[in-house]
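First comes the structure, then the notes that go with it.
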Amino acid sequence: MRLSRYFMPILKENPKEAEIVSHRLMLRAGMIRQQSQGIYSWLPLGKRVLDKVNAIIRDEQNRAGAIELSMPTLQSAELWQESGRYDAYGKEMLRIKDRQDRPMLYGPTNEEMVTDIFRSSVKSYKDLPLNLYHIQLKFRDEIRPRFGTMRSREFMMKDAYSFDLTREGAEHSYNKMFAAYLRTFDRLGLRAIPMRADTGPIGGKLSHEFIILADTGESEVFCHKDFVDFDIPGAHTDFDSVEGLQAIFDKWTSLYAATSEMHDEAAFNAVPEGDRLSARGIEVGHIFYFGTKYSEPMGAKVQGPDGKEHFVHMGSYGIGPTRLVPAIIEASHDDNGIIWPASVAPFDIVVINMKAGDQACDDTCELIYAALTKAGKDVLYDDTDDRAGTKFATADLIGVPVQIIAGPRAVANGEVEVKDRKTGARQTMTIEAAINRFVA
Ligand code: P5A
């Protein structure tokens, strides 16, 4: 991508409305724009990051055996009247009427709708277990939307829903998502700790929130500090192994970890004082087992091996991609801007032409840009006629992991500079060596 033809509206000044660093940096880097309170457009740079986050979420959902579909954002109120949540959900639900005066709503979550899909076609235990997910916009008319896309009214959610014949089966389905979440957040460059959590309007008794520790987090959390160094399940984890997944769950729930709603002061005080971590955190995922809470009132049942009908045991599993992007920035930035983990960086490499219009600089940059693009890298080429200082500041602000800098003096020697955004380390090398470093 040539910056001269891209759309990346950088802000020079710090936006006044932004209270936390991720919101400030997302606005300054031209990643998002607020359209009305708590409702955002994702501009091209932000969209690239969001897409990469979603690709990792999708990959790990698929690995764990979940199946992707797509459900609409607008739902009929009837479904919610069946489950009993239409009245219970309150003011957070945006209620709409269509031209026939039928009550509709902008979905805050999809338990009812997916249960309706399930009951219309699954009739036998032989079709279980089943886990269906989508990545879709949601709307919750939050009383206090704030911190940009961290807590917005319209936001994206990956929501998965599992169906099993028995409670034991449902626990295995829960453990699959539990392990998939540990892997997902790790691949996003984050350390998320599962904590016992309140189930709120989703319901059920068993639930874990996945929390990133951050000073700007909205929740108060309490846990054993060893969780920070626990091993993450590997890529070859067998998601069909009941014992294997139970062992992962048992290990990750063996020490104290709870959100403030579930906090037990006495149990926490039993943790040796030096091992206690009391901090603030950002909830990036939340998983629930709620048994037959929806299947019973909505009549979702299957025939079991005993020939009788059984209400299915369900769970639901949420991740917030539009919250994850600022959460990653909270965890990874410095005074100059964002530092993206390679897995979600909007571009792999930025090529900086320090003197656009200078034939040797232009030729060198074109050569590098073409070679790296051909090798399948996402490359941003800063071919604008801005001053070198402005270009360096922009590259640091948008956080691309590698900068290849071509200035007249180095280029005259057949060389460029390669800068690592995270460490700031710079290395001069031949043009060929710079290309080979990222092509190999
Ligand atoms: C689980 C999937 C649910 O809604 N139903 C379907 C269950 N859970 S939840 O905890 O309420 O939300 C899941 C995740 O969505 C993100 N999230 C938000 N992100 C941005 N702005 C918001 N206002 C917002 N509300 C929820 C969080 O990451 C949460 O863990």
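The values are calculated or read from the model by the stated rules, or taken from the named source; none is laboratory data. Values in this document were obtained by computation on a predicted structure and should not be read as measured data. All Cβ positions, even for glycine, are placed from backbone atoms using ideal geometry, and neighbour counts span all protein chains on display. Areas reflect the complete protein model, heavy atoms only, side chains present, ligands, DNA and RNA absent. Shrake-Rupley method; radii C 1.70, N 1.55, O 1.52, S 1.80 Å.
Of the residues in segment 379-417, how many are under 21 Å from LEU27 (Cβ atoms), within 28 Å of the chain's Cα centre (by Cα) and part of a loop (DSSP other than H, G, I, E, B)? Break it down into steps so the answer makes sense when it comes.
Step one: of segment 379-417, the residues under 21 Å from LEU27 (Cβ atoms) are 380, 382, 384, 386, 390-400.
Next cut, within 28 Å of the chain's Cα centre (by Cα) only: 380, 393-400.
Among the residues that remain, those that are also part of a loop (DSSP other than H, G, I, E, B) are: 399-400.
Total meeting the criteria: 2.
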**Output for segment 341-355, where each listed residue is closer than 20 Å to GLY389 by Cα and either open to solvent by 10 Å² or more (accessible area, probe 1.4 Å) or charged (D, E, K, R) (or both)** = MET354, LYS355
**Request:** Kindly check whether there is at least one residue in segment 362-381 that is under 24 Å from SER332 (Cβ atoms) and either modelled with pLDDT under 95 or open to solvent by 10 Å² or more (accessible area, probe 1.4 Å) (or both).
**Result:** yes
**Asked** What number of residues within segment 218-237 are outside any helix (DSSP H, G or I) and either under 17 Å from HIS263 (Cα atoms) or in contact with a His (Cβ under 9 Å, 6 or more places away or on another chain) (or both)?
**Response** 7
**Asked** Out of all the residues in segment 101-129, which are open to solvent by less than 30 Å² (accessible area, probe 1.4 Å) and in a loop (DSSP other than H, G, I, E, B)?
**Response** GLY107, PRO108, THR109, ASN110, VAL122, LEU128
**Complete:** The strands (runs of 3 or more DSSP E) lying entirely within segment 29-85 that contain at least 1 residues which are farther than 20 Å from THR322 by Cβ are 74-76
**Asked** Going through segment 299-319 one residue at a time, which ones are on the phi < 0 side of the Ramachandran plot and open to solvent by less than 70 Å² (accessible area, probe 1.4 Å)?
**Response** ALA300, VAL302, GLY304, HIS310, VAL312, HIS313, MET314, GLY315, SER316, TYR317, GLY318, ILE319
**Request:** Kindly indicate whether any position in segment 408-425 is out of contact with any Pro (no Cβ under 6 Å at 6 or more places or on another chain) and on the phi > 0 side of the Ramachandran plot.
**Result:** yes
**Prompt:** If you go through segment 389-431, how many residues are surrounded by 15 or more Cβ atoms within 10 Å (Cβ to Cβ) and either farther than 19 Å from ALA342 by Cα or not basic (Lys, Arg) (or both)?
**Reply:** 25
**Item:** Residue match in segment 15-38 (condition: under 21 Å from ASP159 (Cβ atoms) and at pLDDT 95 or above)
**Value:** yes
**Prompt:** Inside segment 262-295, can you point out the residues that are within 16 Å of the ligand (Cβ to nearest atom), in a strand (DSSP E or B) and open to solvent by less than 40 Å² (accessible area, probe 1.4 Å)?
**Reply:** GLY281, ILE282, VAL284, GLY285, HIS286, ILE287, PHE288, TYR289, PHE290, GLY291
**Fill in**
TRP340 fails exactly one of (1) under 30 Å from ARG146 (Cβ atoms); (2) outside any loop (DSSP other than H, G, I, E, B); (3) not β-branched (Val, Ile, Thr), namely (2)
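Does segment 5-27 include one or more residues that are part of a strand (DSSP E or B) and under 19 Å from ALA327 (Cα atoms)?
Of all residues in segment 5-27, those part of a strand (DSSP E or B) come to none.
Checking segment 5-27: not a single residue is part of a strand (DSSP E or B) and under 19 Å from ALA327 (Cα atoms).
Going by what's in this entry, would ARG153 be described as open to solvent by 40 Å² or more (accessible area, probe 1.4 Å), out of contact with any strand residue (DSSP E or B) (no Cβ under 9 Å at 6 or more places or on another chain), within 10 Å of the ligand (Cβ to nearest atom) and of a type in the set (D, E, K, R)?
On the way: open to solvent by 40 Å² or more (accessible area, probe 1.4 Å): yes; out of contact with any strand residue (DSSP E or B) (no Cβ under 9 Å at 6 or more places or on another chain): no; within 10 Å of the ligand (Cβ to nearest atom): yes; of a type in the set (D, E, K, R): yes.
Answer is no for this residue.
Go over the candidates GLY244, GLY204 one by one and state the one that is open to solvent by 10 Å² or more (accessible area, probe 1.4 Å), more than 19 Å from the chain's Cα centre (by Cα) and within 16 Å of the ligand (Cβ to nearest atom). Explain how you work it out, then say what you get.
Values: GLY244 fails: within 16 Å of the ligand (Cβ to nearest atom).
After applying the criteria, what remains is GLY204.
Would you pick out the residues in segment 418-436 that are of a type in the set (Val, Ile, Thr) and within 35 Å of the chain's Cα centre (by Cα)? Can you show your working first?
First, the residues of segment 418-436 that are of a type in the set (Val, Ile, Thr): 418, 423, 428, 430-431, 435.
Hits for segment 418-436 are VAL418, THR423, ILE435.
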**Asked** So is SER254 open to solvent by less than 20 Å² (accessible area, probe 1.4 Å), away from the ligand (no atom under 14 Å from the Cβ) and either at negative phi or within 25 Å of the chain's Cα centre (by Cα) (or both) or not?
**Response** no
**Prompt:** Taking segment 158-170 as the search range and keeping residues that are touching a Leu at 6+ places or on another chain (Cβ under 8 Å) and either part of a helix (DSSP H, G or I) or not aromatic (Phe, Trp, Tyr) (or both), which one is surrounded by the fewest Cβ atoms within 10 Å (Cβ to Cβ)?
**Reply:** GLY169
**Fill in**
Across (1) within 30 Å of LYS91 (Cα to Cα); (2) at pLDDT 95 or above; (3) more than 10 Å from the ligand (Cβ to nearest atom), ASP164 clears everything bar (1)
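Out of segment 67-88, which residues are under 26 Å from the mean Cα position of the chain (by Cα) and buried (at least 16 other Cβ atoms within 10 Å of the Cβ)? Before the answer, list the steps.
If we filter segment 67-88 for residues that are under 26 Å from the mean Cα position of the chain (by Cα), which is where we start, we get 67-75.
Hits for segment 67-88 are MET71, GLN75.
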**Prompt:** Looking at this structure, is PRO129 within 14 Å of the ligand (Cβ to nearest atom) and of a type outside the set (Lys, Arg)?
**Reply:** no
**Asked** For LEU137, are the conditions met, namely being at pLDDT 95 or above, assigned to a strand (DSSP E or B), more than 8 Å from the ligand (Cβ to nearest atom) and open to solvent by 40 Å² or more (accessible area, probe 1.4 Å)?
**Response** yes
